[in-house]
Amino acid sequence: MPDKILTIAGSDSLSGGGIQADLATFSEYGYFGLAVTTAIVTVTTKDFQVFPIAPHIIAEQLNSVLALDDIRAIKIGFLPTVASIEIVAEHLQHIKNIPIIVDPVMAFKETQIVDTHFLAKALTEKILPFATILTPNLKEAEILSGHDISDVNDMRNAAKEIFQLGPTYVVIKGGSQILGNQAVDVLYDGHQFSLFKQDKIVRSQPYHSGAGCSLSASLAANLGQNNVTVNLALSDAKDFVWQGIKHGVKLNDQFDFGNVWQGARRSL
């Protein structure tokens, strides 16, 4: 019988990220995935729209899934409003001894329309203290730390600042934005740094939509297993996503990006 694992995140109509990417990732690791939907996101070549789910509906979903007593890990993604953040935080207070991976989704590849000020404040106060691992991208790390990031040393300094906000581990995702031939992620545990490097995948139409969601979902899947260290979990998650980007899904010629394919590693 498969173990259960939960995602609390938005729904992506193109399945690039959100609960669709999370559930696909969970399945690849042999889990039975559960989901609480916080928003519906629609993406076209001309528009990006976010439709938050009403707070009382989020609460009812949480009441439903958290009535189960054998969830192995929780991944938290896009929480679109302060009210949704507060509701999730209220339910997290009752969760014990379960890894919680928080992807503080505030910066989208597709748009800059999301107002981050109030979200960042609420996430910092309400959610980050529950995080086993926090996985901001560079823009989100800049928002949370209050510092610009342009190189690996800046990533280290930001990780130190963000660690003070409460997570047990901080993973800052450099992705393709740091100069050089390799994508670099920085892991900080409050004492030491670990760097995780992979060759960048360069193509005119990158298949990277859903990379952050898939990484955090993979971390949750790994840590839901017994005796898996954070370093091993992150190493595996990075390989999982790298293969998903390399063998990703083209949407069509009108989009300038494609999706990560969570089944890529299995198909090799």
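The values are calculated or read from the model by the stated rules, or taken from the named source; none is laboratory data. The shown structure was predicted, so the numbers you read here are calculated from the model rather than taken from an experiment. Don't worry about glycine lacking a Cβ; one is built from the backbone with ideal geometry, like all the others, and counts go over all protein chains shown. Each accessible area value is taken on the protein alone, full model and side chains, heavy atoms only, with ligands, DNA and RNA left out. Shrake-Rupley method; radii C 1.70, N 1.55, O 1.52, S 1.80 Å.
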Original post:
In whole Hz, what ³J(HN,Hα) sequence does region 122-138 give by Karplus (6.51, -1.76, 1.60; θ = phi - 60°), x for Gly and Pro?
Top reply: 5, 4, 4, 7, 9, 10, 4, x, 8, 6, 6, 10, 10, 10, x, 7, 4
**OP:** Determine which aspartates and glutamates satisfy two conditions relative to K200: a Cα distance under 13 Å, and not lying fewer than 8 residues away in the same chain.
**Re:** D185, D239
Original post:
Amide H of L79: which non-local residues (sequence gap of 5 or more, or other chain) have their own amide H closer than 5 Å, using H built in the peptide plane?
Top reply: V105
Original post:
Once semi-axes √(5λ) of the Cα gyration tensor in Å is worked out from the coordinates, which option in [x] 28, 22, 20; [y] 24, 22, 20; [z] 36, 21, 14 does it equal?
Top reply: [y]
**OP:** Give me the accessible area per residue for region 1-138, probe 1.4 Å, as a whole number in Å².
**Re:** 44 Å²
**OP:** With 24 Å as the limit, write out which pairs from K4/K139; K139/K197; K121/K197; K4/K197; K126/K238; K96/K139 have Cα-Cα distances beyond it, or answer none.
**Re:** K4/K139; K121/K197; K4/K197; K126/K238; K96/K139
Subject >> Contact order relative to length of the chain, as percent, for alpha carbon pairs under 8 angstrom and 6 or more apart >> reply: 17 percent
Subject >> Longest exposed-site-free window of the chain, the sites being trypsin sites (Lys or Arg not before Pro) in a DSSP loop that have at most 12 other C-beta atoms within 10 Å >> reply: 97-202
Original post:
At a probe size of 1.4 Å, how large is the accessible area of H147, to the nearest 10 Å²?
Top reply: 90 Å²
**OP:** Towards the positive end of the charge dipole of the chain, with charges on Cβ (+1 Lys, Arg; -1 Asp, Glu), say which of N63, P52, L134 has the farthest Cα.
**Re:** L134
Subject >> Amide H partners (placed H, <5 Å) of T7, local residues excluded >> reply: L34, A35, V36, K75
Original post:
Karplus couplings for region 44-50 from phi (6.51 cos²θ - 1.76 cosθ + 1.60, θ = phi - 60°), rounded to Hz, Gly and Pro as x?
Top reply: 10, 5, 10, 8, 9, 10, 10
Original post:
By DSSP, what percent of the beta bridges with both residues in the chain are antiparallel, rounded to the nearest 5?
Top reply: 45 percent
